[in-house]
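Single-structure report; data block below.
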Amino acid sequence: MKNVAILMAAGKGTRMGSEVPKQFVAVNGKMLMEYSLQVFQDHPRINEIVVVLPPDYLEVQEMLEYLFNYYDKVTQVLAGGNERFESSWAAIQWFVEHRDDNLLLHDAARPGITPRIIDDILDALQHDQAAVTAMPATDTILRVDENGNLTETLRRSELFYAQTPQAFRAGLLYDCFIDLIEKEDGFIPTDESGVVAHYRPEVPIKIVQGDSRNFKVTYAEDVKRLQQ
């Protein structure tokens, strides 16, 4: 059994307003995605790293050489797709014959992942097949209708903000994604935990405490927050 970090770095990040996808924006002398990549590289319990990039970046030889030479845990650099689930599937299918491996899928735009989060999510996978990093909701969340009118005030105590990594036993995630691809039932996932919850509702998904530093860089001002 291996613990494999999958760095999801295939997004376009258009809301950043930068000339390149946000994961490649330089922050304090290194690419944004390198912050989380380095944490996985240095963590003693991570055996392997797979990086998923936009397809055109796989043609940049200097990028590939840099990733393989500087981060020796990187074993695969793969082309992602237009949708999140396509990028996830590009990596998941590499582990069809390694069903007992633990896969930790992490957004490259979350540079603040901590070693503690990695430890906690790996500890959770010793007992469960699925675990998601999340933070308790601190604001009241409202449900509205299509006209923007309030329909329900949700109980904050039952709500969490999802972060990454989202981690799963490889065999479970592979089987769920096969169902997603083959059944064509109209389900449109936003993340991996949604796929598992939809196709294997009987499988518990453990919530692991996140960290406020593990925020997602979405806008240019988020980079300033990272630099502080």
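The values are calculated or read from the model by the stated rules, or taken from the named source; none is laboratory data. Here the structure is a predicted model, which is why all the values come from computation and not from measurement. Using ideal geometry, Cβ is built from the backbone for each residue, glycine included, and neighbour counts are taken over all protein chains shown. For accessibility, only protein heavy atoms count, side chains too; no ligands or nucleic acids. Shrake-Rupley method; radii C 1.70, N 1.55, O 1.52, S 1.80 Å.
Any idea what the relative contact order of the chain is, in percent, if you count C-alpha pairs under 8 Å spaced at least 6 apart?
Relative CO of the chain lands at 24 percent.
Name the shape class, rounded, prolate or oblate, that the alpha-carbon gyration tensor gives for segment 8-98, where a ≥ b ≥ c are the square roots of its eigenvalues, rounded holds for a/c under 1.5, and otherwise prolate holds if a/b is larger than b/c and oblate otherwise.
In terms of gyration-tensor shape, oblate.
To the nearest 10 square angstrom, what accessible area does Phe24 show with a 1.4 Å probe?
20 Å²
Which translational diffusion coefficient, to the nearest whole µm²/s, is obtained for the chain from the Stokes-Einstein equation, given a Kirkwood hydrodynamic radius over C-alpha pairs, 4 °C and 1.567 mPa s?
71 µm²/s
At 222 nm, what helix-only mean residue ellipticity would the chain give, in deg cm²/dmol to the nearest 500, using -39500 (n - 2.57) for each DSSP H run of four or more?
Only helices count here, giving -9000 deg cm²/dmol.
Among 48-61, 137-150, how do they line up by average Cβ neighbours within 10 Å per residue, starting with the highest?
The packing order, highest mean first, is 48-61, 137-150.
Counting only protein heavy atoms and a 1.4 Å probe, tell me what percentage of the chain's accessible area is made up of carbon and sulfur.
48 percent
Percent antiparallel among DSSP beta bridges with both residues in segment 1-154, to the nearest 5?
Of those bridges, close to 25 percent are antiparallel.
Output wanted: per-residue J couplings in Hz (rounded whole) for segment 84-97, from phi through Karplus 6.51 cos²θ - 1.76 cosθ + 1.60, θ = phi - 60°, x for Gly and Pro.
Ordered by residue, 3J(HN,Hα) equals 4, 5, 5, 5, 4, 4, 4, 8, 4, 5, 5, 10, 4, 9 Hz.
Which of rounded, prolate or oblate describes segment 124-228 when judged by the alpha-carbon gyration tensor and an a/c cut-off of 1.5?
Because a/c hits 1.5 or more and a/b fails to exceed b/c, segment 124-228 counts as oblate.
Counting pairs on different chains as well as pairs 8 or more places apart, how many Lys pairs in the chain have Cα atoms under 20 Å apart?
13
Using a 1.4 angstrom probe, figure out how much accessible area the chain has per residue, in square angstrom, rounded to the nearest whole.
52 Å²
Trp89 accessible area, nearest 10 Å², 1.4 Å probe?
Answer for Trp89: close to 50 Å² accessible.
Translational D (Stokes-Einstein, µm²/s) of segment 22-157 at 37 °C and 0.692 mPa s when Rh comes from the Kirkwood sum over C-alpha pairs?
For the chosen part, D equals 188 µm²/s.
Students sometimes get this wrong: rank Val217, Val25 by accessible area, probe 1.4 Å, all chains present, largest first.
Accessible-area ranking of Val217, Val25, largest first: Val25, Val217.
In a shell of Cβ-Cβ distance under 9 Å around Asp128, excluding Asp128 itself, what net charge do Lys and Arg (+1) and Asp and Glu (-1) give?
So the environment of Asp128 carries a net charge of +2.
Would you tell me the accessible area of Arg116, worked out with a 1.4 angstrom probe on the heavy atoms of the protein chains, in Å² to the nearest 10?
Arg116 exposes around 90 Å² with every protein chain in place.
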